[in-house]
Number of protein chains: 2
Amino acid sequence: MLYIKIERFALKGDIIYSETQEKFTCNEDSFLVCVDGRVEGIYKVLPDCFINIPVKDYTGKLIIPGLIDMHTHGPQYSFRGLGMDLELIDWLNKNTFPEEGKFSDAVYAQKAYSIFVKELVKGATTRACIYATVHMEATKLLMDLLELTGLKCMVGKVNMDRNCPDYLKEDMQESIANTREWLQETLHSYKNIVPILTPRFFPSCSESLLKELAVLQKEFNLPLQSHLSENKSEIEWVKELCPDTNNYGEAYELGGVFGKNGPVVMAHCVHSPAEEVMLMKDNGVFIAHCPESNTNLSSGIAPVRTYLDHKMKVGLGTDMAAGSSNSIFKTMVMAVQVSKLRWRLVDGNLKPLTIEEAFYLGTKGGGAFFGKVGSFEKDYEFDALVMDDDKIEHPGLLTLPQRLERVIYLSEGRHIAAKFVAGKNIFAFD
Amino acid sequence: MLYIKIERFALKGDIIYSETQEKFTCNEDSFLVCVDGRVEGIYKVLPDCFINIPVKDYTGKLIIPGLIDMHTHGPQYSFRGLGMDLELIDWLNKNTFPEEGKFSDAVYAQKAYSIFVKELVKGATTRACIYATVHMEATKLLMDLLELTGLKCMVGKVNMDRNCPDYLKEDMQESIANTREWLQETLHSYKNIVPILTPRFFPSCSESLLKELAVLQKEFNLPLQSHLSENKSEIEWVKELCPDTNNYGEAYELGGVFGKNGPVVMAHCVHSPAEEVMLMKDNGVFIAHCPESNTNLSSGIAPVRTYLDHKMKVGLGTDMAAGSSNSIFKTMVMAVQVSKLRWRLVDGNLKPLTIEEAFYLGTKGGGAFFGKVGSFEKDYEFDALVMDDDKIEHPGLLTLPQRLERVIYLSEGRHIAAKFVAGKNIFAFD
């Protein structure tokens, strides 16, 4: 006879999450039951079958889904909050490439990635899509460090075979050979970490490189991440590099890396023309909206309302170090803020985002890229944050949605009492 | 023979501050000498005359001027981060007035103001211009609480005699009589706190009320604060209320409260037409730029570059609760950020603010409203913050300006090791 141990427990507290973009689902003073890493249900009183399971009592605290960072750069963490006076291409050349070059040195990589990972695990993020650098060894190191945290992450060795400094430039064949080797080493080595294909962006990847990555994507059934239509000069550059296409998205489509060969997330989409938007929608491409990054690099404001109206797949990204903060709460706030400025200054037809919509994007919206993630509906993976929002003092009484809104605006990385990913308690809070 | 005890001490650390908007003044590993509450000088080696003074050793830490909040609302602290889906007039009616009404109750006022003051003293602000409510008793309570902190603040009992709910509306004569009584009680009662005249904004103050306040301003030689050209509907409303004037500023000028009878600070100035700008400049009116507030209420983005080009007096304001944060560091970041969006989306001729300019605005720019405040030049009042920026980990070496930039972007209210106001150590850090 075979016995399988099923892990079961419950968290007790004030539960709030998103099923839809329109409103929060609230369960005051209730039990959130986890069975084998997934949400089994929410109960005001535990039913008989769960009466003896362990209960972690967080009465009076908020329990919300873990936050999903759809787009960030591990090696750039060191220069977040620095040199914010440039636009994309100059910023890459002056700040980013020199810093990324340092990750050929394993000692430096260890030092820098340790800081990045330590801060990530301390924050509210439970899952992230992360760019590493072109360096295979440093990328594996980052994956090793992340694996130990219990966070579920997709990590990408970057591919670049043109338009970047020699110290980062790969030969196309070598880039693919290294990527294949890296995939073979990492695809089944981790419990929490999976590799994600990562052509940096079109200007630094030849069409042949993209086509080879498309083959790998299909062969290994992998997700893929890149950047799209972030900055106007970048878009002009893509037009020069690939004159026969109508838009930036089509250049990726030509390379086979725009959703037809596997799941794709594209960061930014600030200036996507209508045809590109439709291509993304048709191909099921995810959009990682990165409002702080788009502000800091003077890129502009993405028309997220348009993407929501089209029922496209959208999540949020911190995009460090163009974004200065690793907090998806802060990203939610900025998503609302810049949507207001866009509405006021650019297009009065696109209504600002609500806080409910921003929270949806930072949980269930981005979570969909990871499967059934980012909500407390039945069978969703059990990613939960417990927020001790009492610490944000208030002289009166507040509703659950008000308490969540205050956590989003005011917690600033503080007041996390516990964090669970797929049912596992994250050690930093254990 | 008369002996006067002169207090003298020095702080040792990495000193950085603004003399001009263009660049930081840096003194690595130096002594900042305080004599009788003012900056005496900065020395690499202490001169003989100071060889025996007490030295607080903050080696390796950043020493910067205290931050100046030119505009905030004490009673609104409770609903910061809440109900951010409205524009100014609706937001006042739905959120602000009902909350301010509660301050007729001394018990509630004590509870709410205690939270506001506790958080203010814990943060990086050393001086602030603060709106209270129309209630005299609660306003005195706020002043009492602030006095104990050692922060130097200007606090205003609000005046309103029209266009507000009955529970807040004052009769004009009663408003002036109460204000006179409040001034007599508070003008010389505090060491750190001074009253500031506070007509809420033109729509809620009759011309006669303004004229009486102008008399008080002259008689008592007082500063005055109000709001100007924040929101387009508000500006239209002022035009209806005061049809014979060419702009909102002229309506205040007509009331005698626009700088001719004493120092005035006006919050916002988002949509000020050229004539209003010139009137402000001619009258020496200070502008409190409140970028987070202007974003959250969808007001727009103030053309701060224009004001700097005109060499006008500008500082920064958090404007809680339209702003969610009490941090002037965060306000500096948002000042830079929204200036980039304005440049990208509205007017490519007005270059974005630099971090040097934003820091200047939040220290010496706003400090000028308080006298010689906000810099470490000789004879400036000794307001200093000691920042333990080592806690914001970095894998390499950083210059002083880089360390300051990281503090501004990343400290999020943390890492304050000490705070001094006019030479006094603030107890929360003592």
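The values are calculated or read from the model by the stated rules, or taken from the named source; none is laboratory data. Since this is a predicted model, take the numbers as computed values, not measurements. As a convention, Cβ positions derive from the backbone with ideal geometry for all residues, glycine included, and neighbour counts pool all protein chains shown. With ligands, DNA and RNA removed, areas are computed over all heavy atoms of the protein, side chains included. Shrake-Rupley method; radii C 1.70, N 1.55, O 1.52, S 1.80 Å.
Within segment B:187-217, track down each residue that is in a helix (DSSP H, G or I) and out of contact with any helix residue (DSSP H, G or I) (no Cβ under 6 Å at 6 or more places or on another chain). Listed by number, the residues that qualify are B:SER204, B:LEU213, B:ALA214, B:VAL215, B:LEU216, B:GLN217.
Within the set A:GLU356, A:GLU377, the sole residue that is open to solvent by 10 Å² or more (accessible area, probe 1.4 Å) and within 14 Å of another protein chain (Cβ to nearest Cβ) turns out to be A:GLU356.
Taking the criterion of being outside any strand (DSSP E or B) and open to solvent by 10 Å² or more (accessible area, probe 1.4 Å), the residues of segment B:51-76 that qualify are B:ILE51, B:ASN52, B:ILE53, B:PRO54.
When A:ASN326 is tested against the conditions (1) away from chain B (no Cβ under 11 Å); (2) under 22 Å from A:TYR131 (Cα atoms); (3) open to solvent by 10 Å² or more (accessible area, probe 1.4 Å), the lone failure is (1).
Please specify each residue of segment B:145-158 satisfying the condition of being open to solvent by 20 Å² or more (accessible area, probe 1.4 Å) and either under 13 Å from B:PRO195 (Cβ atoms) or not in a helix (DSSP H, G or I) (or both).
The initial filter retains those residues of segment B:145-158 that are open to solvent by 20 Å² or more (accessible area, probe 1.4 Å), namely B:145, B:147-148, B:152.
Residues satisfying the conditions are B:GLU147, B:LYS152.
Screening segment A:129-139 for residues that are away from every other protein chain (no Cβ under 14 Å), in a helix (DSSP H, G or I) and farther than 25 Å from A:ILE328 by Cα and picking the one that is most open to solvent (accessible area, probe 1.4 Å) gives A:GLU137. Set side by side, the residues B:LEU46, B:LEU86, B:LEU82, B:LEU32 differ, and just one is in a loop (DSSP other than H, G, I, E, B) and farther than 30 Å from B:ASP166 by Cβ, which is B:LEU46. Go through the residues of segment B:188-195 one by one and say whether even a single one is in contact with a Cys (Cβ under 7 Å, 6 or more places away or on another chain) and open to solvent by less than 10 Å² (accessible area, probe 1.4 Å). Scanning segment B:188-195, I find at least one residue that is in contact with a Cys (Cβ under 7 Å, 6 or more places away or on another chain) and open to solvent by less than 10 Å² (accessible area, probe 1.4 Å), so the answer is yes. Residue-level check: of (1) out of contact with any Pro (no Cβ under 8 Å at 6 or more places or on another chain); (2) in contact (Cβ under 8 Å) with a residue 60 or more places away in the chain, B:SER298 misses just (1).
Scan segment A:20-34 for residues that are surrounded by fewer than 18 Cβ atoms within 10 Å (Cβ to Cβ) and over 24 Å from the mean Cα position of the chain (by Cα) and jot them down. If the condition is that a residue be surrounded by fewer than 18 Cβ atoms within 10 Å (Cβ to Cβ) and over 24 Å from the mean Cα position of the chain (by Cα), then A:CYS26, A:GLU28, A:ASP29 are the ones that fit. For segment A:106-119, a tally of residues being under 18 Å from A:GLY66 (Cβ atoms) and either within 9 Å of another protein chain (Cβ to nearest Cβ) or touching a strand residue (DSSP E or B) at 6+ places or on another chain (Cβ under 7 Å) (or both) returns 2. Filtered by the rule that a residue be within 24 Å of B:GLU181 (Cβ to Cβ), within 13 Å of another protein chain (Cβ to nearest Cβ) and either surrounded by fewer than 16 Cβ atoms within 10 Å (Cβ to Cβ) or under 19 Å from the mean Cα position of the chain (by Cα) (or both), segment B:84-105 gives a lone residue, B:ASP105.
Residues that are of a type outside the set (D, E, K, R), closer than 19 Å to A:ASN159 by Cβ and in a loop (DSSP other than H, G, I, E, B) were ranked within segment A:224-277; the one that is most open to solvent (accessible area, probe 1.4 Å) is A:PRO263.
The requirement of being polar (S, T, N, Q), within 14 Å of chain A (Cβ to nearest Cβ) and under 21 Å from B:GLY300 (Cβ atoms) is fulfilled somewhere in segment B:335-342, by at least one residue. When segment A:380-397 is filtered for residues that are more than 7 Å from chain B (Cβ to nearest Cβ), open to solvent by 50 Å² or more (accessible area, probe 1.4 Å) and free of Cβ contacts under 8 Å to residues at least 24 places away in the same chain, only A:LEU397 remains.
Scanning segment A:370-410 for residues that are farther than 27 Å from A:LYS313 by Cα, in a loop (DSSP other than H, G, I, E, B) and not acidic (Asp, Glu) turns up A:ILE392, A:HIS394, A:PRO395, A:GLY396, A:LEU397, A:LEU398, A:THR399.
Give me the residue from segment A:407-421 that is among the small types (Gly, Ala, Ser) and open to solvent by 20 Å² or more (accessible area, probe 1.4 Å) and, out of that set, modelled with the highest pLDDT.
Narrowing segment A:407-421 to residues among the small types (Gly, Ala, Ser): A:411, A:413, A:417-418.
Keeping just the survivors that are open to solvent by 20 Å² or more (accessible area, probe 1.4 Å) gives A:413, A:417.
On the way: A:GLY413: 88, A:ALA417: 96.
In this case the residue turns out to be A:ALA417.
Considering every residue within segment A:112-128, establish whether at least one is modelled with pLDDT of 95 or more, farther than 25 Å from A:LEU385 by Cβ and either surrounded by 24 or more Cβ atoms within 10 Å (Cβ to Cβ) or in the same structural domain as A:LEU222 (by TED's automatic domain parsing) (or both). Yes, there is a match, as at least one residue in segment A:112-128 is modelled with pLDDT of 95 or more, farther than 25 Å from A:LEU385 by Cβ and either surrounded by 24 or more Cβ atoms within 10 Å (Cβ to Cβ) or in the same structural domain as A:LEU222 (by TED's automatic domain parsing) (or both).
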